Amino acid sequence: MKRIGFIGIGLMGRHMARHILEAGHPLTIWNRSEEKAQELLASGATWADSPKMVACSSDVVITMVTDSNASEQVSCGTDGVLEGTREGSILVDMGSIAPEMSRSIADRAREKGVLMLDAPVTGNPKVAKAGNLGIMVGGPREIFEDCQTIFEVLAAKIVYVGEQNGMGTTLKLINNLILGVAIEAVSEAMVLSAKAGIDPQKVIDITSVGGARTGAMETRGPRMIGRDFSPGFSTDNMYKDLSSVVKLADEFGVSIPATSVTWDILRAAKSRGLGAMDSCCVMTVLEELAQTVVKAAKEN
Ligand SMILES: NC(=O)c1ccc[n+]([C@@H]2O[C@H](COP(=O)([O-])OP(=O)(O)OC[C@H]3O[C@@H](n4cnc5c(N)ncnc54)[C@H](OP(=O)(O)O)[C@@H]3O)[C@@H](O)[C@H]2O)c1
């Protein structure tokens, strides 16, 4: 069985690493904040003192860190993964990073005889825990096929996008365009229903069937009514992704007005100190604009 290294034991990474461990792979881990690794270490994972040391004892190194800068740092920085890899090692970057950074890391890896896949995921921590993520993969097909059994322990859906690095992260941005705008649309619906005197629970009920049905309502609607903005997918991370989407659209000369407005509302949420909260807290910005508060009717 391949020896796997896992870097980034965050909300998503901790569940993904656990599945890999439970599938029987020898697992070496590193996280910037060591305390988050304790549960996995107690379950049989091995600690390494740096990303470089993770790479020294792994055939495949997976990174699952916040953004482009963090990925570059753990893969290409001092004591980074590429200082510990050998010719033939595989690097799999599963974070949602900018496509140009995927390509740049892949180029630097290739110079060291290391092939890389960009393999970001869809889902949330609950979905990661259930092993039902979506994974979209860019990079050499041969390496993708080599890693497929690892992806299978994490995912319900695996989509190979193409040979070029950055194809996986580009598809991920397109996916998050839909998610970000859908959460914003759900927020607008909740705020308007509150102002119109309609119990927001009834919005959830009616949209559970018919053409307005959306995963954003199913996962975020109840949280909005319950005012549970604890982080599942943070405002900071959604803002980061939509920033990359806007850049991508600019590159291709494509107008994305709904995404641009959503991006702006996310910025307003961040400026109110809500960056670490779940991105569905954009509803509170709209509440402020409408001077209303979304709450369930008493009889619910
Ligand atoms: N949460 C979701 O629903 C979801 C869904 C799909 C995709 N994603 C994507 O998955 C990735 C991880 O998200 P998450 O929700 O697991 O985030 P998270 O809980 O904030 O975890 C981020 C991880 O990155 C590490 N990190 C951040 N900056 C670093 C740096 N400069 N050097 C080294 N390590 C660094 C953090 O280390 P510390 O523990 O030390 O902070 C932590 O392990 C992101 O790209 C996100 O967009 C998230």
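The table below lists the values:
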{"item": "Verdict on GLY139 being more than 22 Å from MET238 (Cβ to Cβ) and surrounded by 22 or more Cβ atoms within 10 Å (Cβ to Cβ)", "result": "yes"}
{"item": "Region 121-136: number of residues that are of a type in the set (Gly, Ala, Ser) and open to solvent by less than 20 Å² (accessible area, probe 1.4 Å)", "result": "3"}
{"item": "Failed condition for ILE97, given (1) within 13 Å of the ligand (Cβ to nearest atom); (2) in a strand (DSSP E or B)", "result": "(2)"}
{"item": "Criterion (in contact (Cβ under 8 Å) with a residue 60 or more places away in the chain and either open to solvent by 20 Å² or more (accessible area, probe 1.4 Å) or among the basic types (Lys, Arg) (or both)) met by exactly one of ILE150, ILE178, ILE174", "result": "ILE174"}
{"item": "Options VAL186, VAL191, VAL254: the member that is under 30 Å from ALA119 (Cβ atoms) and in contact (Cβ under 8 Å) with a residue 60 or more places away in the chain", "result": "VAL186"}
{"item": "Boolean, GLU188 is in a helix (DSSP H, G or I), under 26 Å from GLN291 (Cα atoms) and open to solvent by 40 Å² or more (accessible area, probe 1.4 Å)", "result": "yes"}
{"item": "Residue among GLY88, GLY8, GLY13, GLY84 that alone is of a type in the set (Gly, Ala, Ser) and touching a Pro at 6+ places or on another chain (Cβ under 8 Å)", "result": "GLY84"}
{"item": "Region 53-87, subset surrounded by fewer than 24 Cβ atoms within 10 Å (Cβ to Cβ) and within 18 Å of GLY138 (Cα to Cα), residue farthest from the ligand (Cβ to nearest atom)", "result": "VAL60"}
{"item": "Condition check for ILE20: away from the ligand (no atom under 12 Å from the Cβ), open to solvent by less than 30 Å² (accessible area, probe 1.4 Å) and under 24 Å from PRO231 (Cβ atoms)", "result": "yes"}
{"item": "Residue, surrounded by the most Cβ atoms within 10 Å (Cβ to Cβ), within region 200-219, restricted to residues that are touching a residue at least 12 places away in the same chain (Cβ under 8 Å) and farther than 23 Å from VAL127 by Cα", "result": "PRO200"}
{"item": "Residue that is nearest to the ligand (Cβ to nearest atom), among those in region 100-120 that are crowded, with 24+ Cβ neighbours inside 10 Å and not in a helix (DSSP H, G or I)", "result": "PRO120"}
{"item": "Residues satisfying the stated conditions in region 22-55, i.e. more than 23 Å from VAL114 (Cα to Cα) and assigned to a helix (DSSP H, G or I)", "result": "GLU22, GLU34, GLU35, LYS36, ALA37, GLN38, GLU39, LEU40, LEU41, ALA42"}
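The values are calculated or read from the model by the stated rules, or taken from the named source; none is laboratory data. The model shown is predicted, which means the values in this text are computed figures rather than measured ones. Here the Cβ is made from the backbone with ideal geometry for all residues, glycine too, and neighbour counts use every protein chain on show. Note: areas computed on protein heavy atoms with side chains; ligands, DNA, RNA excluded. Shrake-Rupley method; radii C 1.70, N 1.55, O 1.52, S 1.80 Å.
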